[in-house]
Amino acid sequence: MSPVLSAVVRPRLSRPSWLSPTVFRTEVLAGLVVALALIPEAISFSILAGVDPRVGLFASFTMAVTIAICGGRPAMISAATGAIALVVAPLAKEHGLDHLIAAVILGGAIQVLLAVLGVAKLMRFIPRSVMVGFVNALAILIFAAQLPHLLGVPWLVYPLVAVGLAIIVGLPRLTRAVPAPLVAIVVLTVVTVVAGAAVPTVGDQGALPDSLPVPGLPHVPWTVQTLTLIAPYALGIALVGLLESLMTAKLVDDITDTPSSKTRESWGQGVANIVTGFFGGMGGCAMIGQTMINVKASGARTRLSTFLAGVFLLVLVVALGDVVAVIPMAALVAVMIIVAVSTFDWHSVAPGTLKRMPYGETVVMTVTVGTTLATHNLAAGVVVGVLTAMVIFARRVAHLVEVTSVLHPDGGTRSYSVHGELFFASSNDLVGQFDYANDPDRVVIDMTHAHVWDASSVAALDAITTRYAARGKTVEIIALNRPSARIHDSLAGQLGVGH
């Protein structure tokens, strides 16, 4: 084959965007900032779960590195999280670390299974008002998590946080060459070390590991009894982790105006948890706070930042633990406060927006926020929010069914026309909209502008027919569309309606 023809036939391989010097620098610096922010969070979540800080730090490393390769949403950060810590804490307390690790591995396997079953497609049933409530509740929780670092601390912490906030807000107006959060961390660390200031540091949060994680299997009895014990916790890990991860992925999609594969993200989370369990980690899922640092504050857009966040985390805590330990918590608190403020959807609570927004939408958002804050569980907030939205939607649609009638000139036939969607909520009112006693001997029900959705609707039509039949009158149902006719023909007269 000639060189020219070979060049034509050979496909041109696209060059990864992160190979661009500008993008590469952004991704590397973003990964470093996220790694620094992950350290105190991972330690805190380890304490919350009742395990050694090393368990949370190793989990954050393995989750970030694995999801960077397997995940479906570039630039999203996955690591040890508070939601997973809350799920596994009772198991760790009562049965120890090995049972927790076994639950994490099983939870990851369940996530892979759910991905194969297409659970990611359920994201389309989450209304926008629930998404807004999820984001706002998350912002409040992120801010609330900083309060313990601001109460009962030396007075010097407050000016340090103020300086950190000023750097993060003001520096981008001068230059975006270096992420403002990284500059704030470096500046405040240098100031406190040089001045010898006695303020809380990362090292005060817990011991940092001095060795690499080693793979292995948990030391638990491989019996049905063990499976029965860890299965509920594994299911909780799978469901909570998937819900938070898919919601976060959707949020990043909106921020970056780019699509992502939710199915790949689902099984990627499962693989990441399985790998994390084999390395002795506590499991995790997507982290909205660190993801916002990566995407919004640092401008990262590729998998490289996620991968390097995990790598830098391990390097920092193992090789540079003494340096990381002296970083003042005030610097990281300032970063997280900015993340909380920028994450909150302020437009959603503006008086003008609330005035124009339908009452039901505001209720759903408020219920989502309230449930999340009450339970400290984002998954619970989303589930309750979706259920509330379903109830409000059902009530609203139930009253949109309209029945009109016309008496034929000969007086022997009355035609009813049904408009709207017939399902369990709306069909209950349908039966009462016919004049059984005074109608002529022949009744025609025109369904041209209606749709039958469920057995309740068929039962309602059967009840109407039965009531007319009891008076010696005949009913003809016409113009059903194909799906409605299919469900009506298969169920009509089979539901045992006795009216």
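Details
- Selection of first residues in the stretch 178-199 that are more than 21 Å from Pro154 (Cβ to Cβ) and of second residues that are surrounded by fewer than 17 Cβ atoms within 10 Å (Cβ to Cβ), restricted to Cβ pairs under 6 Å at least 6 apart or on distinct chains, gives the following pairs, ordered by first then second residue: Ala180/Pro172.
- Within the option set Asp441, Asp435, Asp429, being closer than 23 Å to Arg395 by Cβ and either open to solvent by 30 Å² or more (accessible area, probe 1.4 Å) or of a type in the set (A, V, I, L, M, F, W, C) (or both) holds for one residue only, Asp429.
- Number of positions in the stretch 244-261 that are open to solvent by less than 40 Å² (accessible area, probe 1.4 Å) and either charged (D, E, K, R) or more than 13 Å from Cys70 (Cα to Cα) (or both): 10
- Screening Leu5, Leu113, Leu29 for residues that are crowded, with 19+ Cβ neighbours inside 10 Å and either at pLDDT 90 or above or more than 30 Å from Pro221 (Cα to Cα) (or both) leaves exactly one candidate, Leu29.
- Among the candidates Ala463, Ala459, Ala450, residue that is touching a helix residue (DSSP H, G or I) at 6+ places or on another chain (Cβ under 6 Å), within 27 Å of Met390 (Cβ to Cβ) and not polar (S, T, N, Q): Ala463
- Screening Thr353 on (1) under 17 Å from the mean Cα position of the chain (by Cα); (2) open to solvent by less than 20 Å² (accessible area, probe 1.4 Å) shows it passes everything except condition (1).
- Among residues of the stretch 466-499, those that are surrounded by 13 or more Cβ atoms within 10 Å (Cβ to Cβ), at pLDDT below 90 and out of contact with any helix residue (DSSP H, G or I) (no Cβ under 7 Å at 6 or more places or on another chain), counted: 0
- Meets criteria (over 17 Å from the mean Cα position of the chain (by Cα), open to solvent by 10 Å² or more (accessible area, probe 1.4 Å) and either hydrophobic (A, V, I, L, M, F, W, C) or at pLDDT 85 or above (or both)) for Ala144: yes
- Looking only at the stretch 300-324, residues that are part of a loop (DSSP other than H, G, I, E, B) and closer than 13 Å to Ile77 by Cα come to 3 in all.
- Note on the stretch 228-264: residues that are free of Cβ contacts under 8 Å to residues at least 40 places away in the same chain and in a helix (DSSP H, G or I) amount to 3.
- Subset of the stretch 236-251 (residues that are at pLDDT 90 or above and more than 11 Å from the chain's Cα centre (by Cα)): Ile237, Ala238
Residue-by-condition table, conditions (1) farther than 26 Å from Arg25 by Cβ; (2) of a type in the set (Gly, Ala, Ser); (3) open to solvent by 10 Å² or more (accessible area, probe 1.4 Å):
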residue: Asn294; (1), (2), (3): no, no, no
residue: Gly299; (1), (2), (3): no, yes, yes
residue: Leu308; (1), (2), (3): no, no, yes
residue: Val324; (1), (2), (3): no, no, no
residue: Ala331; (1), (2), (3): no, yes, no
residue: Val363; (1), (2), (3): yes, no, yes
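- Residues (in a helix (DSSP H, G or I) and open to solvent by less than 10 Å² (accessible area, probe 1.4 Å)) located in the stretch 69-100: Ile84, Ala85, Val88, Leu91, Leu100
- The stretch 85-109 - residue that is out of contact with any Leu (no Cβ under 6 Å at 6 or more places or on another chain) and β-branched (Val, Ile, Thr) and, of those, farthest from Glu41 (Cα to Cα): Ile105
- Screening the stretch 385-424 for residues that are open to solvent by 40 Å² or more (accessible area, probe 1.4 Å) and of a type in the set (Ser, Thr, Tyr) and picking the one that is nearest to Met287 (Cα to Cα) gives Thr404.
- Any pair with Cβ under 6 angstrom, 6 or more apart, that starts in the stretch 96-112 at a residue that is touching a residue at least 60 places away in the same chain (Cβ under 8 Å) and ends at one that is open to solvent by 40 Å² or more (accessible area, probe 1.4 Å) and part of a helix (DSSP H, G or I): Ala103/Tyr233; Ile105/Ile274; Gly108/Ile274; Val112/Trp267
- Residue, nearest to the chain's Cα centre (by Cα), within the stretch 170-200, restricted to residues that are open to solvent by less than 30 Å² (accessible area, probe 1.4 Å) and among the polar types (S, T, N, Q): Thr189
- Flag if Val382 is modelled with pLDDT under 85 and buried (at least 21 other Cβ atoms within 10 Å of the Cβ): yes
The values are calculated or read from the model by the stated rules, or taken from the named source; none is laboratory data. None of the values given here were measured: they were computed from a predicted structure. As a convention, Cβ positions derive from the backbone with ideal geometry for all residues, glycine included, and neighbour counts pool all protein chains shown. These area figures cover heavy atoms from the full protein model, side chains too; ligands, DNA and RNA do not enter into them. Shrake-Rupley method; radii C 1.70, N 1.55, O 1.52, S 1.80 Å.
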